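Please treat every number below as a calculation from the coordinates, not as lab data. The shown structure was predicted, so the numbers you read here are calculated from the model rather than taken from an experiment. Note: ideal-geometry Cβ built from the backbone for every residue, glycine included; neighbour counts use all protein chains shown.
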Amino acid sequence: MKTRVILGSVDEVPEGGIKRFDLGGRPIAVSRVEGVFYAIDDTCTHAQASLSEGKLLPDRVIQCPRHGGRFSLATGKAVRLPAFTPVHTYPVIVEGDKLVVETP
Ligand code: FES
């Protein structure tokens with residue numbers, strides 16, 4: 001059964017920004033692109049760098065700060081080596097001024 005968790009306020013993730021949140025002990029990176037929020041696992045599947053310290057690129061892609069691996073924000077798919085294993089994605093729901101995610 002899925003669990004809904006309030007991460008924080010929408011204001012904590014400005015347009016074009018990335019912020020790390022704790023989801024029950026699991027770090028996730030939440031970003032906002034053109035008003036849409038995306039949540040993915042914060043830990044890069046290549047060598048465990050924090051993706052929230054990376055940067056957002058065009059086409060809703062995030063680049064890892066350590067070796068430049070890239071992931072789709074929407075699907076979690078690794079789109080550039082050396083990363084090849086996808087990261088998990090989480091649906092983000094905006095409820096008023098709160099960011100809510102559903103855990104698997
Ligand atoms: S740790 Fe992310 S690409 Fe290597």
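Quick notes on this one:
- For region 44-59, 3J(HN,Hα) computed residue by residue from phi via the Karplus equation (6.51, -1.76, 1.60; θ = phi - 60°) reads 4, 6, 7, 8, 6, 5, 8, 5, 5, 9, x, 9, 8, 10, x, 6 Hz, glycine and proline entered as x.
- Per-residue extension of 0.36 nm, minus the Cα-Cα distance of residue 4 and residue 94, leaves a gain of 31.2 nm for this segment.
- Fully extending the segment from residue 53 to residue 74, taken as 0.36 nm per residue of separation minus the present Cα-Cα distance, adds 5.7 nm.
- Proximal charge balance of residue 98 [Cβ under 11 Å; K/R count +1, D/E count -1]: -3
- Along the chain, the exposed loop sites are GluC sites (Glu not before Pro) outside DSSP states H, G, I, E and B with at most 15 other Cβ atoms within 10 Å, and the longest stretch free of them is 35-104.
- Karplus (6.51, -1.76, 1.60) ³J(HN,Hα), θ = phi - 60°, over region 21-33, in Hz, Gly and Pro reported as x: 10, 9, 10, x, x, 10, x, 10, 9, 10, 10, 10, 10
- Size descriptor, Kirkwood hydrodynamic radius, that averages inverse alpha-carbon separations across region 1-50, Å: 11.7 Å
- In region 19-104, the chymotrypsin sites (Phe, Trp or Tyr not before Pro) that fall in loop regions by DSSP, at most 15 other Cβ within 10 Å: 84
- Under Karplus coefficients 6.51, -1.76 and 1.60, residue-wise ³J(HN,Hα) of region 88-99 in Hz, glycine/proline x: 6, 10, 10, x, 10, 10, 9, 10, x, 9, 9, 9
- Tail fraction, Cα-Cα pairs, the chain, threshold 22 Å, whole percent: 23 percent
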